[in-house]
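Q: Sharing a structure, written as structure tokens. Questions coming.
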Amino acid sequence: GGGSPVSTDIVSFATRDAALAANPRVAIQTPALSGSINLVGARIDDLHLLRYRETIGEDSPTITLLSPAGSPQPYFLEQGWVAPAGAAIALPDGQTQWSLESGETLTLETPVTLVWDNGEGLVFRRTIALDENYMFTVNQSIENTGTSEVALYPYSRIMRLYTPQTQNFFILHEGPVGVLGDANLVEMSYGDLVGDGQRDFTATGGWLGFTDKYWATAIVPDQEETINARFFHTTRNGNLDDYRANFVSQTAVVAPAGGSAEHASLAFAGAKVESIIDFYERTYSIDRFELLIDWGWFHFITKPMFYIIRLLYELLGNFGLAILAVTVIIKAIFFPLANKSYASMANMRRMQPQMKEIQEKNKDDRAAQQQAMMELYRKEKINPLSVCWPILIQIPV
């Protein structure tokens, strides 16, 4: 389901640690992340964010982002291949036992390469590299030792086998998210996805995944590549929610007889730090990756405001002071408008007796009343709108 094979028999473990201990693993260790890759399924399914803790306590545990299948809250990344309809090719899946071919620990300097031989003339490799923050580069390759060419479609997916707690706060999106070509920004709640079962998109480039309040995961194809993307939900083992975000390339990767072929994609798993996400958007030319952070409807106001607050925070060293300073700056910018508004109000107040007089005089004739009022405004050079529009402009800000 969800565009690629999946095994249904998940063995449940009482704790996350027991689930981790059940399979052989390759360690992940960078300044930002620690965890491991599961050699069964070659999944990235154990990840801690070292820069963040559960609480502000010194000895508080670091944030756990990804956890393996069978643990209390499974959430993981995986890549693989789909065969064309009717082709009988043994492909790696969630139960495949991979071997570590090169590298010992996934670090900034050392990628790791996993290998699996299908025993039918195909050797699959997966090389995983990681940068100093939260971006994995996954390079999948096929070595074809057979006598006929092989064409396979690469896929990447995120699986979340539980429904997370969300705040349901209307100005903060939590749940399935992506930017998918003509569909633009796609945002759904977990409930929406349960109701729909699945939603399909075709896009060139883009990205998709799941966002929490502070953390997110996203899979990113090559931005020139046309993909079929899908958000998917089903219920397994009677009561287990299974949410997925995945994409399958529309173009098959062809390994000629006696030759090889490869395919690369990116996977983000980490904290939603604006500068880091912005860096990835620029470096990899990812279509509107900034929208992994929910800037709201007034994106054009909220993002510049964010930059100003961050700059002031760097100068003043305190967010409270930065927010006060922003308020003062905005007041200063709008002072001419506010001033105009106050001056117009004062004028209107000054004209109050004459207005009353006009109303009294033309009590029974509305048209004459209007006419006299307009005459008064013209004589005194008053524009009634000049009270309103300076206030209206300030409201959205």
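The values are calculated or read from the model by the stated rules, or taken from the named source; none is laboratory data. Only a predicted model underlies this, so the values are computations on that prediction, with no experimental measurement involved. Here the Cβ positions follow ideal geometry from the backbone for every residue, glycine too, while neighbour counts run over all protein chains shown. Only protein heavy atoms, including side chains, enter the accessible area calculation; ligands, DNA and RNA are left aside. Shrake-Rupley method; radii C 1.70, N 1.55, O 1.52, S 1.80 Å.
Q: Give the residue from Gly296, Val253, Leu321 lying farthest towards the positive end of the charge dipole for segment 206-329; charges sit on Cβ (+1 for Lys and Arg, -1 for Asp and Glu) and the dipole is referred to the Cα centre.
A: Towards the positive end, the residue furthest out is Leu321.
Q: I've got another one for you. What is the packing order of peptides 359-372, 226-239, taking the mean over residues of other C-beta atoms within 10 Å and listing the highest first?
A: 226-239, 359-372
Q: I'd like the distance separating the alpha-carbon centroids of segment 168-226 and segment 65-123, in whole Å.
A: 24
Q: Separate question: Could you pull out which residues in segment 329-367 have an amide N less than 19 Å from a spot 7 Å beyond the Cα of Leu316, following the Cα-Cβ vector?
A: Within reach of a label on Leu316: 329-335.
Q: Find which of Tyr243, Ala129, Tyr155 sits farthest along the positive direction of the dipole of segment 129-264, computed with +1 on the beta-carbon of Lys and Arg, -1 on that of Asp and Glu, about the Cα centre.
A: Tyr243
Q: Normalised by the residues of segment 6-89, what does the relative contact order come to in percent, with Cα pairs under 8 Å and at least six apart?
A: Value for segment 6-89: 27 percent.
Q: Note down the nm distance, to one decimal, between modelled labels 7 Å out along Cα→Cβ at Gln354 and at Thr202.
A: Label-label distance for Gln354 and Thr202, simple model: 6.9 nm.
Q: Additional query: Give me the percent of accessible area attributable to carbon and sulfur for the chain, probe 1.4 angstrom.
A: 56
Q: Moving on to the next point. Give me the percent relative contact order of segment 247-336, please, defined on Cα pairs under 8 angstrom at least 6 residues apart.
A: 12
Q: Now a separate question. May I ask you to give the solvent-accessible area per residue for segment 97-244, in square angstrom, as obtained with a 1.4 angstrom probe?
A: Computed with neighbouring chains in place, this is 42 Å² per residue.
Q: Hey, another quick one. Please give me the summed charge of the neighbours of Ile128: other residues whose Cβ is under 14 Å from its Cβ, Lys and Arg +1, Asp and Glu -1.
A: Spelling it out: positives minus negatives among the neighbours equals -4.
Q: Mind grabbing the accessible area of Ile358 for me, 1.4 Å probe, Å², rounded to tens?
A: For Ile358, solvent-accessible area is about 30 Å².
Q: What shape does segment 235-308 have by the C-alpha gyration tensor, where a ≥ b ≥ c are the square roots of the eigenvalues, rounded means a/c under 1.5, and otherwise prolate means a/b greater than b/c and oblate the rest?
A: oblate
Q: If we count every other residue with Cβ under 13 angstrom of Leu193's Cβ, Lys/Arg +1 and Asp/Glu -1, where does the sum land?
A: Local charge sum for Leu193: -3.
Q: Excluding Leu180 itself, calculate the net charge of residues whose Cβ lies under 14 Å from the Cβ of Leu180, where each Lys or Arg counts +1 and each Asp or Glu counts -1.
A: In short, -2.
Q: Go ahead and run the numbers for FRET between Cys388 and Asp17, Cβ-Cβ distance against an R0 of 41 Å, rounding to 0.05.
A: 0.05
Q: Another question, if that's okay. Apply the Karplus curve 6.51 cos²θ - 1.76 cosθ + 1.60, θ = phi - 60°, to the phi angles in segment 150-160 and return the couplings in whole Hz, x for Gly and Pro.
A: My calculation for segment 150-160 gives 10, 10, 9, 9, x, 9, 9, 8, 10, 10, 10 Hz in order.
Q: Would you compute the Debye intensity of segment 1-127 from its alpha-carbon atoms alone, equal scatterers and no solvent, and pass along log10 I(q)/I(0) at q = 0.18, 0.22, 0.23 Å⁻¹ to two decimals?
A: The Debye formula, applied to the Cα set alone, gives -1.04, -1.35, -1.41.
Q: Between Gly259, Gly94, Gly320, which gets the highest mean-square fluctuation from a Gaussian network model of the chain, Cα cutoff 10 Å?
A: Between Gly259, Gly94, Gly320, it is Gly320 that shows the largest mean-square fluctuation.
Q: So, in nm, how far is label Asp192 from label Glu54 when the simple model puts each one 7 Å beyond its Cα toward the Cβ?
A: The two pseudo-label positions are separated by 3.2 nm.
Q: Counting only protein chains, not ligands or nucleic acids, how are Ser67, Ser285 ordered by accessible area (probe 1.4 Å), most first?
A: Ser285, Ser67
Q: Now a separate question. One quarter of the convex hull surface, Cα atoms only: what value does that give for segment 64-175 in nm²?
A: 10.0
Q: Would you mind calculating the gained length between Asn168 and Ala151 on full extension (0.36 nm times residue separation, minus the Cα-Cα distance), in nm to one decimal?
A: This chain segment gains 1.7 nm when fully extended.
Q: Then there's this: By average Cβ neighbour count within 10 Å, what is the ranking of 150-159, 115-124 from highest down?
A: Order by mean packing, descending: 150-159, 115-124.
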